[in-house]
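Chemist: Encoded as structure tokens, here's the structure I'll be asking about.
The values are calculated or read from the model by the stated rules, or taken from the named source; none is laboratory data. Computed from a predicted model, the values in this text were never measured in an experiment. Cβ sites come from the backbone with ideal geometry, for glycine too, and all protein chains shown count toward neighbours. Keep in mind that these areas ignore ligands, DNA and RNA; they rest on the heavy atoms of the full protein, side chains included. Shrake-Rupley method; radii C 1.70, N 1.55, O 1.52, S 1.80 Å.
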Amino acid sequence: MNHSNATLIKRLLCIIYDLFLLIAAFFIIGIIVSSISTFIINDGNAITDDHPFYIYNQAIILTSLLFTALLFFGWFWRHGGQTLGMKTWRVQLVSDDQMFISWDQVFIRFFVAMLSWACFGLGFIWCLIDLKGRSWHDIASHTQLKQLEKKTS
């Protein structure tokens with residue numbers, strides 16, 4: 001089936017929707033990781049910025065949140081090509097060969113998308129310029145976000 005590429009607006013709507021789920025996951029993982037490190041390292045007392053383990057603790061928490069986001073998107077992209085936000089807006093991620101994506105593509109797409117955001121969203125806006133409607137992370141990971149047709153009953 002030949003579907004058109006998802007528009008920038010649809011991409012952003014999917015991201016906003018998925019952010020709500022991801023923030024909830026961040027709260028859960030953040031509480032677990034910070035509680036474990038607080039009880040193991042500092043006998044249940046808060047690890048403040050004057051504690052020698054403070055920087056390491058911050059790095060552990062941020063790394064766990066990054067890993068959570070990677071697993072969140074990776075799981076959904078690999079299993080059906082859609083997060084909940086993508087299902088809501090009828091957008092599906094496929095490989096350029098129209099198959100589901102590999103873990104290599106997940107890693108590339110995830111980290112290039114972070115770069116796209118770090119450049120003030122330029123990697124996303126690129127889909128307005130690209131003749132095929134692709135963002136930087138689409139191009140780098142050899143993937144496409146396809147707009148699915150509305151199901152009629």
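Chemist: Using a cut-off of 9 Å between beta-carbons, work out the net charge of the residues near LEU145 (Lys and Arg +1, Asp and Glu -1, LEU145 not included).
Modeler: +3
Chemist: Can you give me the % of accessible surface on the range 1-125 that is carbon or sulfur? Probe 1.4 Å, all protein chains present, nothing else counted.
Modeler: On the way: 5610 of 7650 Å².
Looking at the range 1-125 in its full context, I get 73 percent from C and S.
Chemist: Tell me, in nm to one decimal, what length is gained between ILE28 and ALA46 on full extension, where the rule is 0.36 nm per residue of separation less the Cα-Cα distance? Don't skip to the answer; put the middle values down first.
Modeler: Numbers: separation 18, 0.36 × 18 = 6.48 nm, distance 1.78 nm.
4.7 nm is the gain from fully extending ILE28 to ALA46.
Chemist: LYS150 to PHE100: FRET efficiency via 1/(1 + (r/R0)^6), r the Cβ-Cβ distance, R0 25 Å, to the nearest 0.05? Each step should come with its number before you reach the end.
Modeler: Values: r = 22 Å, r/R0 = 0.89.
Plugging the Cβ-Cβ distance into 1/(1 + (r/R0)^6) gives 0.65.
Chemist: Mind pulling the angle between the C-alpha long axis of helix 54-78 and the longest principal axis of the chain? Nearest 10 degrees, somewhere in 0 to 90.
Modeler: On a 0 to 90 degree scale, this one is about 30.
Chemist: Right, next: List the extent of the Cα atoms of the range 2-153 along each of their three principal axes, largest first, rounded to whole Å.
Modeler: Per principal axis, max minus min of the Cα coordinates gives 59, 37, 25 Å.
Chemist: May I have the pair-distance distribution P(r) for the range 13-84, computed from all Cα-Cα distances with 5 Å bins from 0 and rounded to whole percent?
Modeler: 3, 16, 22, 19, 13, 10, 8, 6, 2, 0
Chemist: For the chain, set up a Gaussian network in which alpha carbons nearer than 10 Å are linked by springs, and say which option among THR38, THR143, THR68 fluctuates the most.
Modeler: Residue with maximal mean-square fluctuation among THR38, THR143, THR68: THR38.
Chemist: Quote the relative contact order of the range 62-153 in percent (integer), defining contacts as alpha-carbon pairs under 8 Å separated by 6+ residues. Please report the intermediate quantities before stating the final value.
Modeler: Values: 109 pairs, mean separation 26.3, N = 92.
Relative contact order, the range 62-153: 29 percent.
Chemist: Now for a separate question. Which percent of Cα-Cα pairs in the range 80-142 sits in each 5 Å bin, short to long?
Modeler: 4, 18, 23, 28, 22, 4, 0
Chemist: Let me ask something else. Looking only at VAL106, VAL33, VAL94, which one moves most when the chain is put into a Gaussian network model with springs between Cα atoms under 10 Å?
Modeler: Its mean-square fluctuation being the largest, the pick is VAL33.
Chemist: Summing -39500 (n - 2.57) over the DSSP H runs of n ≥ 4 in the chain and dividing by its residue number, what mean residue ellipticity at 222 nm do you reach, to the nearest 500 deg cm²/dmol?
Modeler: Details: 6 runs with 91 residues, N = 153.
Rounded to the nearest 500, it is -19500 deg cm²/dmol.
Chemist: Output the 0 to 90 degree angle, nearest 10, between the alpha-carbon long axis of helix 8-42 and the longest principal axis computed from the alpha carbons of the chain.
Modeler: 20
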